[in-house]
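Q: Below you will find the structure I want to go over with you.
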Amino acid sequence: MRRPSAVALAKAASAAAASFAALEDKLGYLGASDIELVRQAYRFADEAHLGQMRKSGDPYITHPIAVAAQCAEWKLDAQALMAALMHDAMEDCGVTKEDLVERFGSPVAELVDGLTKLDKLEFDTREQNQAESFRKMLLAMAKDVRVILIKLADRTHNMRTMGDMPRNKWGRISNETLEIYAPIAHRLGLNYTYRELQDLSFRFLHPWRYEVLSKALNKSRGRRKDLFSRVQQEVEARFATQGMRVRILGREKALYSVYSKMDNKHLSFSQVTDIYGFRIVVPELSDCYTGMGVLHQLYKPLPGKFRDYVAIPKVNGYQSLHTTLIGPFGTNIEFQLRTDAMDVVAESGVAAHWLYKASEPSSETSHRLGAQWLQSLLDIQQETHDAGEFWDHIRVDLFPDAVYVFTPKSRILSMPRGATVMDFAYAIHSDIGNRTISAKVNGESVPLRTELANGDVVEVITGDSAEPNPAWLSFVKTGRARSKIRHHLKTLADEKSQQWGQRMLSQSLRSEGIPRLPDEDGPHKATWEKVLRFTGNKSRDELLSDIGMGKRIASMVGKKMAILLIEDGLKPDPLLISKERFAVGHDESLAQGVVTLDGSEGMSVQYGRCCKPIPGDRIVGYLGRGEGLVIHAEDCATGKRLLARDSERFLNVEWSEDTVRPFATDIVVTVTNGKGVLARVASAIAAAEGDITHVNMGEERPETATDIRFSITVRNRVHLADILRSLKRTPSVLKAQRFKPSKT
């Protein structure tokens, strides 16, 4: 007898796949009338696609049959299977929605129409276009969740047959599957489909890596076969001795999951220890915990590797107990314990609603599962015409580990959960972050440390002269923001320190009779080289920065430089010496000229927290070691102690006629207790143009009178006096005065 050729066998297989028999075997859960309806839909689709072929050369009808077969595995109803069979009929075959309504009814026609719209979506960008595409998808899902289930089945079969597609389409379709459809499958709890879509995308995105990893996994499977047979036998025997009826199933980590773990944690294949594991299905919920005890008696648990997703399910409804045990030969093995109901949800997710409906139509479990899953999807059908808002809702639901926020122009940004306004500003652009002065979230002014929530519309307000604040480092979450702030602060600190160092060294030279700082390149180049050897600095900029930060004393460097310049033949100006050195009296500790302050000095000048000097106060400047110039009030106790100890580090400083910013100070207001007193006091401060930054009412029990301490910002002493006068005229205020704890 002549054997059939390979071509003949292929044709026979193709014909079998194109027949209704390929699907009918999976429809045992449906009634006879429903099966007949599905058969009618098959005949309609077969006729509509007659003559059309797939890239593989198979009749086109094989694709709708495969999609319907996947839906049948999820036990979807007859309407869904009919829509799956006809999902391409409207787009490819000229069939109208009206035709479908007339032949199969409105529900089936609506499903096919929803799928047709989804087929036209292309996710080219991750922002506005994608937002609009998701809006369309979610509108269809909100009407009927079966739409996205059929779409996932469609995408799964297309990925299984991707090898027949032109290679130039592999990247786009695989990326789209990995970034869009696989996460949707995961959120819907379709874990088997989720893993398959990930693996198929990985296979076509990185064919070489896929092959190498697949071979390594096969070799590992062979080496560990005996080990896991032994573990399975020991576990089965232990549960049998406890009289517990369980099903034990082997589990292997998906290829893409192994690859992701290797990539994210920079591990080699041999370092991934949880490739294999076991799933134990028990009859009742309480048996999960009993079974956990049985396992922990058999093998020692790995500390920190126990997870209770039964008491606290995952966001997609997944429930199981997870534990990692140290098995034979020190091998780590993960076990998952769950009930039959949990197992169905773990693998089929939202489709578990139909599975339970098929097996137990009247069960409470069926109703609860269906309501739980569908509610998470139907919540998004709120009336809105804004695609971005729709996008936000679905991103929250599908990708719960990220926060998605909007710019005022509706651009979508993905931020890690816990990200703040400053993280957002730096995500837009580093210049925006560096110049941020305030922000609004959803139209309301908020502090820069405000954590962002999904759907927030964030507006950042910038200023041309604004600079990063070191305090931002205490609350930003993203590495980008942190690195940008640190880089700018370091650059800014160096620049400011160099400017201050140059001013202080120039003033020190003037007190020695040298009118200006000599150029580094020129006749005095050798002098600079000698000065740098004297100080131990590598460059002029480094020396000036050290002087500005207080690491070098300007007067000592100035004296040394003046001696070297005089040795080079430069004559000091006696008149300049008299003018500079004795203009401030005969106190040698302050004989370095006068530094003028207007508030624009930045981080190289700090104002003592002990005394909080403001313009109009008599002040002195202390060159702190490594902290730049610190300004103290002349009567500050801390400043006086430093002067007695390190007089050579003090400079003469004075206020500029015009300061450019407000300064912080504290006041104490004594009030009689009564309703609305605090509000009246705050209004009086605001009326005098004072800005309150903090209020401290103390912890003691209020008596007849209470002291309230306010931290405020003022322009100068005159402004402070105006505020105090305004307070003294306020009813209920007994006394108002400046608070200076260090005053002696």
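The values are calculated or read from the model by the stated rules, or taken from the named source; none is laboratory data. Small disclaimer: the values here were computed from a predicted structure and weren't measured. As a convention, Cβ positions derive from the backbone with ideal geometry for all residues, glycine included, and neighbour counts pool all protein chains shown.
Q: I want to confirm something. Restricting to the stretch 320-334 and keeping residues that are of a type in the set (Val, Ile, Thr) and at pLDDT 80 or above, which single residue is surrounded by the fewest Cβ atoms within 10 Å (Cβ to Cβ)?
A: Residue satisfying both the conditions and the ranking: ILE326.
Q: Just wondering, is there one or more residues in the stretch 205-218 that are modelled with pLDDT of 85 or more and either under 25 Å from the mean Cα position of the chain (by Cα) or not in a helix (DSSP H, G or I) (or both)?
A: yes
Q: Quick one: ARG223 ticks every box in (1) more than 28 Å from the chain's Cα centre (by Cα); (2) at pLDDT below 85; (3) surrounded by 14 or more Cβ atoms within 10 Å (Cβ to Cβ); (4) among the charged types (D, E, K, R) except a single one, so which number is it?
A: Just one mismatch for ARG223, condition (3).
Q: If you don't mind, another one. Quick check on the stretch 515-565: of everything there that is part of a loop (DSSP other than H, G, I, E, B) and touching a residue at least 60 places away in the same chain (Cβ under 8 Å), which residue is farthest from VAL630 (Cα to Cα)? Let's see the steps before the verdict.
A: Filtering the stretch 515-565 down to residues part of a loop (DSSP other than H, G, I, E, B) leaves 515-524, 536-539, 549-553.
Right, trim to touching a residue at least 60 places away in the same chain (Cβ under 8 Å) and you get 515, 549-551, 553.
Details: PRO515: 26, MET549: 10, GLY550: 10, LYS551: 13, ILE553: 14 Å.
Across the stretch 515-565, the extreme among qualifying residues is PRO515.
Q: All but one of (1) in the same structural domain as PRO615 (by TED's automatic domain parsing); (2) in contact with a strand residue (DSSP E or B) (Cβ under 7 Å, 6 or more places away or on another chain); (3) surrounded by 15 or more Cβ atoms within 10 Å (Cβ to Cβ); (4) at pLDDT 85 or above hold for ILE712; which doesn't?
A: Every condition holds for ILE712 apart from (1).
Q: Taking SER106 and the conditions (1) touching a helix residue (DSSP H, G or I) at 6+ places or on another chain (Cβ under 8 Å); (2) under 15 Å from VAL147 (Cα atoms), which numbered condition does it fall short on, given that it satisfies the others?
A: Unmet for SER106, out of (1) touching a helix residue (DSSP H, G or I) at 6+ places or on another chain (Cβ under 8 Å); (2) under 15 Å from VAL147 (Cα atoms): (1).
Q: Being part of a strand (DSSP E or B) and either touching a residue at least 24 places away in the same chain (Cβ under 8 Å) or surrounded by 18 or more Cβ atoms within 10 Å (Cβ to Cβ) (or both) is the filter here; which residues of the stretch 442-472 pass it? Working first, answer last.
A: Let us first name the residues in the stretch 442-472 that are part of a strand (DSSP E or B), namely 444-446, 451, 457-462.
VAL446, GLU451, VAL457, VAL458, GLU459, VAL460, ILE461, THR462, listed by residue number.
Q: Do any residues in the stretch 15-35 that are closer than 19 Å to PRO59 by Cβ have Cβ atoms under 6 Å from those of residues that are at pLDDT 85 or above and polar (S, T, N, Q), where the two are at least six apart or on different chains, and which pairs are they?
A: So the pair list comes out as ALA17/THR62; ALA18/THR62.
Q: To continue, here is another question. Being crowded, with 18+ Cβ neighbours inside 10 Å and either basic (Lys, Arg) or touching a residue at least 60 places away in the same chain (Cβ under 8 Å) (or both) is the filter here; which residues of the stretch 194-211 pass it? Walk me through it before giving the result.
A: The initial filter retains those residues of the stretch 194-211 that are crowded, with 18+ Cβ neighbours inside 10 Å, namely 194-204, 210.
Answer for the stretch 194-211, where residues must be crowded, with 18+ Cβ neighbours inside 10 Å and either basic (Lys, Arg) or touching a residue at least 60 places away in the same chain (Cβ under 8 Å) (or both): ARG195, ARG203.
Q: Of all residues in the stretch 629-678, which are part of a helix (DSSP H, G or I), at pLDDT below 85 and surrounded by fewer than 16 Cβ atoms within 10 Å (Cβ to Cβ)?
A: ALA644, ARG645, SER647, GLU648 - these are the residues of the stretch 629-678 that are part of a helix (DSSP H, G or I), at pLDDT below 85 and surrounded by fewer than 16 Cβ atoms within 10 Å (Cβ to Cβ).
Q: Out of the residues in the stretch 563-610 meeting the condition of being touching a strand residue (DSSP E or B) at 6+ places or on another chain (Cβ under 7 Å) and among the hydroxyl-bearing types (Ser, Thr, Tyr), tell me which one is modelled with the lowest pLDDT.
A: That would be SER589.
Q: Now, a different point. Within the stretch 289-310, can you find the residues that are over 13 Å from ILE248 (Cα atoms) and of a type in the set (A, V, I, L, M, F, W, C)? Spell out the reasoning first.
A: Step one: of the stretch 289-310, the residues over 13 Å from ILE248 (Cα atoms) are 289-290, 292-294, 296-310.
Those that are over 13 Å from ILE248 (Cα atoms) and of a type in the set (A, V, I, L, M, F, W, C): MET292, VAL294, LEU298, LEU302, PHE306, VAL310.
Q: Exactly one of (1) touching a residue at least 60 places away in the same chain (Cβ under 8 Å); (2) of a type in the set (Ser, Thr, Tyr); (3) assigned by TED's automatic domain parsing to the domain that holds THR339 is unmet by THR241. Its number?
A: So THR241 meets the others, but not (1).
Q: Determine whether ASP494 is out of contact with any strand residue (DSSP E or B) (no Cβ under 9 Å at 6 or more places or on another chain) and part of a helix (DSSP H, G or I). Walk me through how you get there before you give the answer.
A: Numbers: out of contact with any strand residue (DSSP E or B) (no Cβ under 9 Å at 6 or more places or on another chain): yes; part of a helix (DSSP H, G or I): yes.
So ASP494 passes the test.
Q: Output the residue which, of all residues in the stretch 243-273 that are surrounded by 15 or more Cβ atoms within 10 Å (Cβ to Cβ) and aliphatic (A, V, I, L, M), is modelled with the lowest pLDDT.
A: VAL272
Q: Find the helices (runs of 4 or more DSSP H) located wholly in the stretch 53-120 whose residues include 1 or more that are modelled with pLDDT of 85 or more and over 39 Å from the mean Cα position of the chain (by Cα), and list them.
A: 62-73, 78-85, 97-104, 106-119
Q: List the number of the failed condition for TYR404; all other conditions in (1) modelled with pLDDT of 80 or more; (2) surrounded by 16 or more Cβ atoms within 10 Å (Cβ to Cβ) hold.
A: Going through the list (1) modelled with pLDDT of 80 or more; (2) surrounded by 16 or more Cβ atoms within 10 Å (Cβ to Cβ), TYR404 breaks only (1).
Q: Taking the stretch 263-311, which residues are in a helix (DSSP H, G or I), in contact (Cβ under 8 Å) with a residue 24 or more places away in the chain and either out of contact with any Ser or Thr (no Cβ under 8 Å at 6 or more places or on another chain) or closer than 29 Å to LEU213 by Cβ (or both)?
A: Step one: filter the stretch 263-311 for residues in a helix (DSSP H, G or I), giving 263-265, 269-271, 285-298.
When the remaining residues are screened for being in contact (Cβ under 8 Å) with a residue 24 or more places away in the chain, the result is 269, 285, 287-292, 294-298.
Residues satisfying the conditions are PHE269, TYR289, THR290, GLY291, VAL294, GLN297, LEU298.
Q: Continuing with the same structure: Write out, first by first residue and then by second, each pair whose Cβ atoms fall under 7 Å of each other, whose residues are 6+ apart or on separate chains, and whose first residue, in the stretch 707-732, is without any contact (Cβ under 8 Å) to a residue 12 or more places away in the chain while the second is hydrophobic (A, V, I, L, M, F, W, C).
A: LYS728/ALA736
Q: Further question on the same structure: On the basis of being buried (at least 21 other Cβ atoms within 10 Å of the Cβ), at pLDDT 80 or above and part of a helix (DSSP H, G or I), does ALA425 make the cut? Can you show your working first?
A: Values: buried (at least 21 other Cβ atoms within 10 Å of the Cβ): yes; at pLDDT 80 or above: yes; part of a helix (DSSP H, G or I): yes.
So ALA425 passes the test.
Q: Could you list, in sequence order, the residues of the stretch 286-297 that are in contact with a helix residue (DSSP H, G or I) (Cβ under 8 Å, 6 or more places away or on another chain) and surrounded by fewer than 15 Cβ atoms within 10 Å (Cβ to Cβ)?
A: GLN297
Q: Quick one: ARG43 ticks every box in (1) part of a loop (DSSP other than H, G, I, E, B); (2) among the basic types (Lys, Arg); (3) surrounded by fewer than 20 Cβ atoms within 10 Å (Cβ to Cβ) bar one, so which box is it?
A: For ARG43, the exception is condition (1).
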